[in-house]
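Values in this text are rule-based calculations from the coordinates and carry no lab data. The structure presented is a predicted model; accordingly, all values stated were derived computationally and were not measured. Heads up, the Cβs are rebuilt from the backbone with ideal geometry, glycines too, and the neighbour counts pull from every protein chain shown.
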Amino acid sequence: MYVLGYPLFATHPEQVDKVFFDNWSGIHAASGIVMGLLDLRLEQAAFLATGWELIENSPVGLFIWLFVGDQFYSGDTLPNICTDILLVTMFSRTKKISVSALASSFFVCVLFITSLILSIYVSTNSIKTNGAYVFLN
């Protein structure tokens, strides 16, 4: 499924950071839940999420990802950045809109497990050459 010319979900490793929802979506939602538990206001959560996305997609962010070992990170697409900010902000309100923390946590766990399964599949069935994954089967 495509929205505005971008896939809605990452189905291949090379789509991470390039689509609306990817492996990192669960982490952004979990960050929002933590901000809600810390009782941050909506504006504070939005500010922190936006600040991180600006840093992550600047030369400083590229250096950070290189430093932690991801030499292939090249930045996020605008739809991915917007979705990440929206997830952090939306999930920071789980307490405020009476959404069960258990349901929110379950959603985050499903996203994380899905991304973990995809990562394991890719790492056991492909090799990365020149920034692209080549599947062995």
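Here each label is just a point 7 Å from Cα along the line to Cβ, and for CYS82 and PHE9 those points are 2.1 nm apart. Here the label points at PHE47 and PHE63, each 7 Å from Cα along the C-beta direction, are separated by 2.5 nm in the simple model.
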